[in-house]
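Novice: For reference, the structure I am asking about is given below.
The values are calculated or read from the model by the stated rules, or taken from the named source; none is laboratory data. All of these numbers come straight from a predicted model, not from anything done at the bench. Reconstructed Cβ throughout: ideal geometry from the backbone, glycine too, with neighbour counts over all protein chains shown.
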Amino acid sequence: MKGRIIFISGSTDGIGKQAALELAKQGAYIIIHGRNKDKTIDTVNFTKSESKNEKIDFVLANMSSFQQIRSMSEVLHKRYDKIDVLVNNAGAQIHGLNCSENGYELTFAVNHLAYFLTTSLLLDLVAKSEYKRIVIVSSGMHFRVDKMDFDTLQGKTDYDLYKNYAHSKLANVMFGYKLSRLLKNSGITVNCLHPGLINTNLNPQRAQHIVDRALPVKKGIISTMRLVTSSELEGVTGSEEVFSVEGVSLLFKELKSEYLRLVRVISSSSPKIV
Ligand SMILES: NC(=O)c1ccc[n+]([C@@H]2O[C@H](COP(=O)([O-])OP(=O)(O)OC[C@H]3O[C@@H](n4cnc5c(N)ncnc54)[C@H](OP(=O)(O)O)[C@@H]3O)[C@@H](O)[C@H]2O)c1
């Protein structure tokens, strides 16, 4: 991975931070993304000292804000001619109904709309690389809902943390699948993964029996590392599987008609987003 320019959203903690460190150890040029300046600079310093790699940059954006994502994209376009790998990883499980500044339910805004907008804005930089990979960190939790419930997507009537999170992660898979089809002649590959149940700060209120089952964060990066680095996956795009450390084959063929509906809904609002 020496010299490859890799952007990882949400790399100040958990899976993103650990993946950034491992890739930095392999000589990649890492762009850390964070929302809190002090925490992000701490992460940059930590990554440099642990990896002995000085080629660590950072950008800031709260992923719930379209405006901040756009500003981040402008900074990245000023600094870089290309991005070899875009890893959409920043995610949250948000307790209680909250709204983003753009009027979207916060879990959906951070976990899905931010992936959509970041990818759309950085696509030209990925296209300029010869490596051309887009990695989408979804979740096996997307199986908690068998289809998108468009009426409750905004959560205004019956917000439920796990249901809304599951919808946002289902949207990740649908987006990845559709994007891979749209880009199939471009050489850009797009694949989704489920990291496994991992012990991170995603949900500090997790029940103890879930915490007891969770794997350490070092295991949580296996799927991400595979999709970012594996030469076996060269040219593999829009896989029918969500890559998973647990070895579970998370097929989403049955979702094909539903993702078309999601894309229509997102497309109809895209002038506001992109
Ligand atoms: N842990 C699991 O069991 C598990 C299972 C399946 C899928 N996943 C997925 O894995 C990905 C990484 O999660 P994790 O488990 O590593 O959680 P984590 O330890 O909480 O890390 C999440 C990262 O996302 C960032 N983030 C959250 N909200 C943000 C916002 N509004 N703006 C900008 N950055 C934001 C966090 O920034 P701060 O450092 O500022 O908080 C942090 O860097 C997520 O997409 C999650 O859905 C996790």
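Novice: Scanning for something surrounded by fewer than 17 Cβ atoms within 10 Å (Cβ to Cβ), within 16 Å of the ligand (Cβ to nearest atom), closer than 17 Å to Met63 by Cβ and modelled with pLDDT of 90 or more, does the stretch 180-201 turn up at least one residue? Break it down into steps so the answer makes sense when it comes.
Specialist: Narrowing the stretch 180-201 to residues surrounded by fewer than 17 Cβ atoms within 10 Å (Cβ to Cβ): 181-182, 184-187, 201.
Add one more test, that the residue is within 16 Å of the ligand (Cβ to nearest atom), and what stays is 201.
Retained after the next criterion (residues that are closer than 17 Å to Met63 by Cβ): 201.
From what is left, the residues that are modelled with pLDDT of 90 or more are 201.
So far as the stretch 180-201 goes, yes, one or more of its residues are surrounded by fewer than 17 Cβ atoms within 10 Å (Cβ to Cβ), within 16 Å of the ligand (Cβ to nearest atom), closer than 17 Å to Met63 by Cβ and modelled with pLDDT of 90 or more.
Novice: Taking Ile6 as the residue in question, decide whether it is crowded, with 21+ Cβ neighbours inside 10 Å and within 16 Å of the ligand (Cβ to nearest atom).
Specialist: yes
Novice: Considering each residue of the stretch 21-40, count those that are free of Cβ contacts under 8 Å to residues at least 60 places away in the same chain and away from the ligand (no atom under 12 Å from the Cβ), and give that number. Step through it out loud before you land on a result.
Specialist: Within the stretch 21-40, the first condition is being free of Cβ contacts under 8 Å to residues at least 60 places away in the same chain, and the residues that meet it are 21, 24-25, 27-40.
Among the residues that remain, those that are also away from the ligand (no atom under 12 Å from the Cβ) are: 21, 24-25, 27-31.
Matching residues across the stretch 21-40 total 8.
Novice: Any chance the stretch 49-71 includes a residue that's in a helix (DSSP H, G or I), more than 20 Å from Thr224 (Cα to Cα) and within 10 Å of the ligand (Cβ to nearest atom)?
Specialist: yes
Novice: To continue, here is another question. Please state which of the following conditions Ile69 fails to meet, knowing it meets all the rest: (1) crowded, with 19+ Cβ neighbours inside 10 Å; (2) in contact with a strand residue (DSSP E or B) (Cβ under 7 Å, 6 or more places away or on another chain).
Specialist: (2)
Novice: When residues of the stretch 72-101 are filtered for being within 12 Å of the ligand (Cβ to nearest atom) and touching a strand residue (DSSP E or B) at 6+ places or on another chain (Cβ under 9 Å), how many remain?
Specialist: Taking the stretch 72-101 first, the residues within 12 Å of the ligand (Cβ to nearest atom) are 72, 87-94, 98, 100-101.
Checking which are touching a strand residue (DSSP E or B) at 6+ places or on another chain (Cβ under 9 Å) leaves us with 72, 87-91, 94, 98.
Total meeting the criteria: 8.
Novice: Would you tally the residues in the stretch 161-179 being closer than 21 Å to Met63 by Cα and more than 16 Å from the ligand (Cβ to nearest atom)?
Specialist: Looking only at the stretch 161-179, we keep the residues that are closer than 21 Å to Met63 by Cα, and these are 161-176, 179.
Now drop any that are not more than 16 Å from the ligand (Cβ to nearest atom), which leaves 179.
Going through the stretch 161-179 one residue at a time, the tally reaches 1.
Novice: Oh, and also: In this structure, does Asn111 turn out to be at pLDDT 95 or above and not in a helix (DSSP H, G or I)? Full working, then the answer.
Specialist: Details: at pLDDT 95 or above: yes; not in a helix (DSSP H, G or I): no.
The answer is no for Asn111.
Novice: Next question. Pairs under 6 Å by beta carbon, first residue in contact (Cβ under 8 Å) with a residue 40 or more places away in the chain and β-branched (Val, Ile, Thr) in the stretch 7-20, partner near the ligand (Cβ under 8 Å from one of its atoms) and in a helix (DSSP H, G or I), six or more apart or different chains?
Specialist: Ile8/Gly16; Ile15/Gly220
Novice: Filter the stretch 202-233 down to residues that are more than 19 Å from Ile6 (Cβ to Cβ) and either touching a residue at least 60 places away in the same chain (Cβ under 8 Å) or surrounded by 14 or more Cβ atoms within 10 Å (Cβ to Cβ) (or both) and give me whichever is nearest to the ligand (Cβ to nearest atom). Lay out the reasoning, then the answer.
Specialist: Of all residues in the stretch 202-233, those more than 19 Å from Ile6 (Cβ to Cβ) come to 202-216, 219.
Adding the requirement that they be either touching a residue at least 60 places away in the same chain (Cβ under 8 Å) or surrounded by 14 or more Cβ atoms within 10 Å (Cβ to Cβ) (or both) leaves 202-203, 205-206, 214-215, 219.
Working: Leu202: 4, Asn203: 8, Gln205: 12, Arg206: 9, Ala214: 6, Leu215: 8, Lys219: 10 Å.
Checking each candidate, the answer is Leu202.
Novice: For the stretch 114-144, give me each residue that is buried (at least 18 other Cβ atoms within 10 Å of the Cβ) and outside any helix (DSSP H, G or I).
Specialist: Ser129, Tyr131, Lys132, Arg133, Ile134, Val135, Ile136, Val137, Ser138, Ser139
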